[in-house]
Amino acid sequence: MQISLEKQVALVTGASSGLGYACAEALAAAGAAVVINYNSQQEPAEALADAIRQRGGKAVAVGGDVSDEKAVDALFAETIKHFGRLDILVANSGLQRDAPAGEMTLDEWNKVIQVNLTGQFLCARAALRQFRQQEKRPDVSRATGKIIHMSSVHQLIPWAGHINYAASKGGVDLLMRSLAQEVGEEHIRINAIAPGAIRTPINTEATEGEAEKKLLQLIPYGRVGDPEDVGNAVVWLASDLSDYVHGTTLFIDGGMSLYPGFRDNG
Ligand code: NAD
């Protein structure tokens, strides 16, 4: 079955690299007009927008720091200026500032919470406001707007040396589920994706050479994920094919969340 997102507008935050980039590409390939948000990496974001336009799609790159309230408002205003509406938000931006707990600075703690959690709140709030004020989609009686939060297996699996990151993703889980409970009756669909280990710039060291061999022991399915694994799932989760999926986290992790340590210790 072919999924079509034609006549829908998607905004993907942090889409200049990694998972956001793959999600923007996949949504555009499914026919959505795509806003490619970047923070500092304008060049790859503009190049992706160009490539999508050359293939006959609609795309624009728009800068903005998701942890800055005014910048988020400006990002959504630009989205409406370009494409007139918003149907799909992929709140993807995220980062790590790793340190052992006793050595973690307040700046490292705050930075991760501000981008990974507050950024998701600000973007979700802006999307809700837009969904409520715009005309409903003319062609279907399905969801009037969709928000997909990018979480992580670390909303579930504790992660020593990364307490700020794990706390931010644990927060995303309850942000997503509480929001889903609050706005479901408006037919606004809220879900999350929890990737495991996907090969992107955020984890280059962990996914190469000897480190990759060690990592594979944590992945029952036996391979590191590719950004397209997440992009494909985002297209489905944004489409009407998943219309009854609401308040759920979809783990895309090759089984990393199955406690693989127990496999050989029964
Ligand atoms: P990445 O470093 O390639 O991408 C992160 C993106 O977020 C970049 O485009 C960056 O510019 C953007 N960003 C950072 N700070 C920002 C800000 N203040 N405002 C706007 N954008 C900002 O890494 P990735 O792996 O593609 O990560 C994307 C998301 O997926 C993150 O939320 C991350 O936590 C999550 N995730 C990734 C993995 C993985 O294995 N790659 C696993 C679990 C979760």
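The values are calculated or read from the model by the stated rules, or taken from the named source; none is laboratory data. Remember, predicted model here, so these are calculated numbers, not experimental data. Please note: Cβ atoms are built from the backbone with ideal geometry, for glycine as well, and neighbour counts cover all protein chains shown.
I need every pair where a residue in the range 53-80 that is farther than 22 Å from residue 132 by Cβ and in a helix (DSSP H, G or I) has its Cβ under 7 Å from the Cβ of a residue that is modelled with pLDDT of 95 or more and not polar (S, T, N, Q), sequence separation at least 6 or different chains.
Close Cβ pairs satisfying both conditions: 53/59.
Considering (1) within 12 Å of the ligand (Cβ to nearest atom); (2) among the β-branched types (Val, Ile, Thr); (3) without any contact (Cβ under 8 Å) to a residue 60 or more places away in the chain, say which one residue 12 fails and leave the rest.
Looking at each condition in turn, residue 12 falls short on (3).
Can you name the residue in the range 142-167 that is more than 10 Å from the ligand (Cβ to nearest atom) and in a helix (DSSP H, G or I) and, of all such residues, is surrounded by the most Cβ atoms within 10 Å (Cβ to Cβ)? So that I can check it myself, show each step before the final result.
Applying the first criterion (more than 10 Å from the ligand (Cβ to nearest atom)) to the range 142-167 yields 142-148, 156-164, 166-167.
Now drop any that are not in a helix (DSSP H, G or I), which leaves 163-164, 166-167.
Details: 163: 18, 164: 24, 166: 20, 167: 18.
Ranking the candidates gives 164 first.
If you check every pair at least six apart or on different chains, which have Cβ atoms under 9 Å apart with a residue in the range 213-238 that is without any contact (Cβ under 8 Å) to a residue 24 or more places away in the chain first and a residue that is among the charged types (D, E, K, R) second?
Between residues of the range 213-238 that are without any contact (Cβ under 8 Å) to a residue 24 or more places away in the chain and residues that are among the charged types (D, E, K, R), the close pairs are 216/223.
Return the only residue of 48, 86 being at pLDDT 95 or above, in a loop (DSSP other than H, G, I, E, B), farther than 30 Å from residue 158 by Cβ and in contact with a Ser or Thr (Cβ under 8 Å, 6 or more places away or on another chain).
Details: 48 fails: in a loop (DSSP other than H, G, I, E, B).
Checking each option against the conditions leaves just 86.
Of all residues being more than 10 Å from the ligand (Cβ to nearest atom) and buried (at least 24 other Cβ atoms within 10 Å of the Cβ) in the range 31-47, which is farthest from residue 74 (Cα to Cα)? Just the residue, please.
Here the residue is 32.
Taking the conditions exactly as written (modelled with pLDDT of 95 or more and crowded, with 24+ Cβ neighbours inside 10 Å), does residue 28 satisfy them or not? Even if it seems obvious, please write down each step before you answer.
Details: modelled with pLDDT of 95 or more: yes; crowded, with 24+ Cβ neighbours inside 10 Å: yes.
It is true that residue 28 is modelled with pLDDT of 95 or more and crowded, with 24+ Cβ neighbours inside 10 Å.
Just to verify a result, which residue in the range 1-45, among those that are of a type in the set (Asp, Glu) and assigned to a helix (DSSP H, G or I), is nearest to residue 234 (Cα to Cα)? If you could, list the steps in order and put the result at the bottom.
Of the residues in the range 1-45, the ones of a type in the set (Asp, Glu) are 6, 25, 43.
Cutting the leftovers down to assigned to a helix (DSSP H, G or I) gives us 25, 43.
Values: 25: 11, 43: 24 Å.
Per the criteria, the residue is 25.
Residues checked against (1) under 20 Å from residue 146 (Cβ atoms); (2) of a type in the set (Ser, Thr, Tyr); (3) in a loop (DSSP other than H, G, I, E, B):
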{"position": "211", "(1), (2), (3)": "no, no, no"}
{"position": "229", "(1), (2), (3)": "yes, no, no"}
{"position": "241", "(1), (2), (3)": "yes, no, no"}
{"position": "257", "(1), (2), (3)": "no, yes, no"}
{"position": "264", "(1), (2), (3)": "no, no, yes"}
